[in-house]
Structures are given as C-alpha cells and as structure tokens.
Amino acid sequence: MTQQTAFHAARIFDGETWHDDAALVVEDGRVAGIVPAVRAPAAQRLSGVIVPGLVDLQANGGGGVLFNNAPTAESIGAICNAHAQFGTTSVMVTLITDTEDITVRGVSAARDAKNVDGFLGLHLEGPHLAASRKGTHDAVLIRSMTARDQALLVDAAMQIEHLICTVAAESVSPEQVRALADAGATVSLGHTDCTYEIGRAYADAGATMVTHLFNAMGQMGHRAPGLVGAALDDGRLWAGLIADGYHVANAAMRVALRGKAGPAGIFLVSDSMSTIGSDQTGFTLNGRKIYRADGRLTLADGTLAGADIALIDAVRYVHRSLGLTLCTALQLATVQPARALGIEDRGHLGQGAHADFFCMTSDLRADGTWIAGRKVKVAA
C-alpha cells in the first residue's frame, strides 16, 4: 500500500528551481512531486525553506566518534546521525590511513551498515599515499599497495554500494587503479606530488576524482601545473574542496570554481572529525593528540588535522564569504557530489529522488532533517 505524505513550506528548492508556497509530496520514501500548497491541504507545515539533503563524500567522524578509533557499524550510525542534525542526509564515512587490521575492520563495518539511515558508503583515504604529502596521516602507516591490499579493495567495491579510494601515484600503479575502477570503486587522487602529466595518465587509467583540492598536493606552477592543474584542466576529474576559511584561501577557491573544466566539477566536503555535534576539546588519532581551538583542528606542530565543520558550514561560507548564489552554494553540496559518484537520485528533489531534505532557516542552518520522508531523531 502506497504511503503518501506532504510537506508545505513558504519556499522549496528542488536542486534547480525555487517553488513558492508549495508542498513536497513523498510516496514510499521518494519524491512524488512538488505541487502548489492549495493542492495539498493536509500537508505538514514547516518553517523556513525545504532544500535537498546535503551529500558529504568525506566525513571522518561526528558526534564524538572518530571512525578510525571505533570502526564498527554502530559508529557509522552515530556519525551519520550527528551529521543529519546539520542537514547532511548522505555520508561517505571516511577511514584515514591506519593499520591493516583497522582497514579490514572498517570495510567489514561498512558491509554491516548498509541499512543505516544516511550511510552512503565508505571512503578509504589511505594508506596508499605519498609520505611526502602525508598531512596529518601517520607516515609510519603509509605504504604501497600490495596484491593483498588490491584484493581486499576489489572485494569491498563489489560488496559496498559506494567505495572511494584515495590513493597516490607514488604508492599505487595505473594497473591497480584500473582494477579498482573496473570493480566499481571510485578512485580519487590525493596526498601526492604527482605531476600534471601523471595525474592525466591516472585519469586515463580510471581515476575520476581528486581529494581535497589544493591540500596535500603540489601546487600549480606556470610551467609545472601539478595535480591542481590536472584537476582543473581535465574535465574527467571531480574535485572535493574544504571551504572552512583555513584549508584554502578564498581567492584560490574563487579561481578554481571559475576555472574548472567540465563536465566534471567541484563539490564541497566537510572533512569533519569527531568534534562535529560534540563539545570535545580534542581527541586522538593513531595515538597522537589533536587539538580543537578557534574553529581549527591541529596536531601539536600546527598541522591541520581535518576540519571542524559540518557541510552546511561550508555552504554558508561559500555563499557569504565567496559571494556565490545560494543556489550554487547548495548545489556544490548536493547534486554535485552525487554526480561525482554517478548517483542520479540524490542531491535534488525531482520526481523519483530519495526524499532526503532538511528545513533551512533564514541564517542558513538546519532545523529538522528528513531521510526517506521520515524525520531524523536526535540520538540521546
């Protein structure tokens, strides 16, 4: 039996167009359509505006939980619930470089968490990176991909609906990239000193993404464009961007957003840690203390260690500080990351899409989030 619910708001953004005094009609967890409010007299009235749920392809933790420290299905649920309070309805829970045992446990947890609300898939950021661009990753744990590692990831890609593998050319061969891509994994280049030419060659091998553009990679020079240049110049490569005012300068973000060659584009990520939705003042990662202060997370030496934002904070930042329209800012955190993973039914509220949305206030914050048409309950 079909279950239908309608939600009325002064404005609804479907991902492309604004609808005034309208109702979002949901049937069995999917969008049936957006109609004038007069055609849905029994609709639930929501304050603020209805916008598509945010899609975060890089979230290391939330709600006081860091996935590396507790790689379980229960942790995935806690992280997704924490982000849902900020309007994020689809999360690629991310495991940072760690031991082989932790990686295996993270993959197993992702398999067990398939039915967790808000869980989109697993992002493995490492351990197959370049030590020269380790960032906050522990250099001791960074290593080249072996045949055993490749077999684990190929198997994971076939069992987990969405898998992103961030790798560096220094530690992973083009043949290994092709094997991962053929198995269904999304291969992202990051934490690497690879050249422009090597970046393009890895795109030829099947890489389709670049992890946190500008960070942990060689910068663009006028004679040596590097991976930044490849990401912006190659229309096959999508690029994630951390917009928190610390990771990338505003001018660099504006230049990248204006200059990115399509059809692949740029999307926002939170790169959040366990602090989101919590009152933590710090935490540990691979036995090292991470400090939280003034909106930043750092190691003792000042190295940035992820970001202290939820994805809605990045939306607000690019709208207010970079001057992007609200439509564009929202698209960078909804339909763009969905497209980067090849997903057609998330990140918008068109007919047939997942009924994932949140009520956005006038100061661009979330006031209630719905996944598959059901309001998310705040975890105790």
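The values are calculated or read from the model by the stated rules, or taken from the named source; none is laboratory data. Since the structure is predicted, the reported quantities are computational estimates derived from the model, not experimental observations. Here the Cβ is made from the backbone with ideal geometry for all residues, glycine too, and neighbour counts use every protein chain on show. Protein only, heavy atoms only, side chains kept; ligands, DNA and RNA dropped before computing areas. Shrake-Rupley method; radii C 1.70, N 1.55, O 1.52, S 1.80 Å.
Annotations
- Between Met158 and Thr99, residue separation times 0.36 nm minus the direct Cα-Cα distance comes to 19.0 nm.
- Length-normalised contact order for segment 79-222 - Cα pairs under 8 Å, 6+ apart - percent: 21
- Apportionment of accessible area to carbon and sulfur, segment 136-216, percent (1.4 Å): 54
- Helix-only arithmetic for the chain: the sum of -39500 (n - 2.57) across DSSP H runs with n ≥ 4, divided by the residue total, places the mean residue ellipticity at 222 nm at -7500 deg cm²/dmol.
- Charge dipole (debye, nearest 20) of the chain; +1 at Cβ of Lys and Arg, -1 at Cβ of Asp and Glu: 520
- Against the compact-protein benchmark of 2.2 N^0.38 Å, the Cα-based radius of gyration of segment 190-335 scales to 1.08.
- Segment 90-107 residues near the modelled Ser173 label - backbone nitrogen below 18 Å, point 7 Å along Cα→Cβ: none
- Computed over protein heavy atoms with a 1.4 Å probe, the accessible surface of the chain works out to 39 Å² per residue.
- With Cα atoms as the point set, the radius of gyration and Dmax of segment 159-211 evaluate to 10.2, 33 Å.
- Rounded to 5, percent antiparallel among DSSP beta bridges of segment 212-294: 50
- With every protein chain in place and a 1.4 angstrom probe, the accessible-area ranking of His19, His222, His247, largest first, reads His222, His19, His247.
- Mean Cα-pair separation over length for the chain, i.e. relative contact order, pairs under 8 Å, 6 or more apart, %: 21
- Highest mobility in the GNM of the chain, judged by mean-square fluctuation with C-alpha springs under 10 Å and restricted to Ser171, Ser108, Ser321, is found for Ser321.
- Cα gyration tensor, segment 1-45 - rounded (a/c under 1.5), prolate or oblate: oblate
- Summing charges over all other residues whose Cβ lies under 13 Å from the Cβ of Arg30, with Lys and Arg as +1 and Asp and Glu as -1, gives -3.
- For segment 232-276, the Kirkwood radius over C-alpha pairs fed into Stokes-Einstein at 20 °C and 1.002 mPa s yields D = 188 µm² per second.
- Bridge orientation summary for the chain: considering DSSP beta bridges with both residues in this region, about 50 percent are antiparallel.
- With every protein chain in place and a 1.4 angstrom probe, the accessible-area ranking of Phe214, Phe267, largest first, reads Phe214, Phe267.
- Rounded accessible area of Ser47 (nearest 10 Å², 1.4 Å probe): 80
- The candidate values are (1) 30.4; (2) 20.7; (3) 22.1; the one derived from this structure for Kirkwood radius over Cα pairs in Å carries the label (2).
- Over segment 107-176, volume per residue of the alpha carbon convex hull, in Å³: 98
- The GNM of the chain, with springs linking C-alpha atoms under 10 angstrom apart, assigns the highest mean-square fluctuation among Asn115, Asn68, Asn250 to Asn115.
- Cβ-defined net charge surrounding Ala113, 15 Å radius [Lys, Arg +1; Asp, Glu -1]: -1
- Value of D in µm² per second that Stokes-Einstein yields for segment 323-371, Kirkwood Rh from Cα pairs, at 4 °C (1.567 mPa s): 111
- Selected from Arg30, Arg288, Arg365 as most flexible by GNM, with the chain as the system and alpha-carbon contacts under 10 Å: Arg288
- Computed over segment 53-196, the quotient of the alpha carbon radius of gyration and 2.2 N^0.38 Å is 0.99.
- Where Glu27, Glu125 fall by accessible area, highest first, once all protein chains stay in place (1.4 Å): Glu27, Glu125
- Set of lysines with alpha-carbon distance to Lys134 below 26 Å, sequence-local pairs under 8 removed: Lys260, Lys289
- Summed side-chain charge close to Asp149 - residues other than Asp149 whose Cβ falls under 14 Å, Lys, Arg +1, Asp, Glu -1: -3
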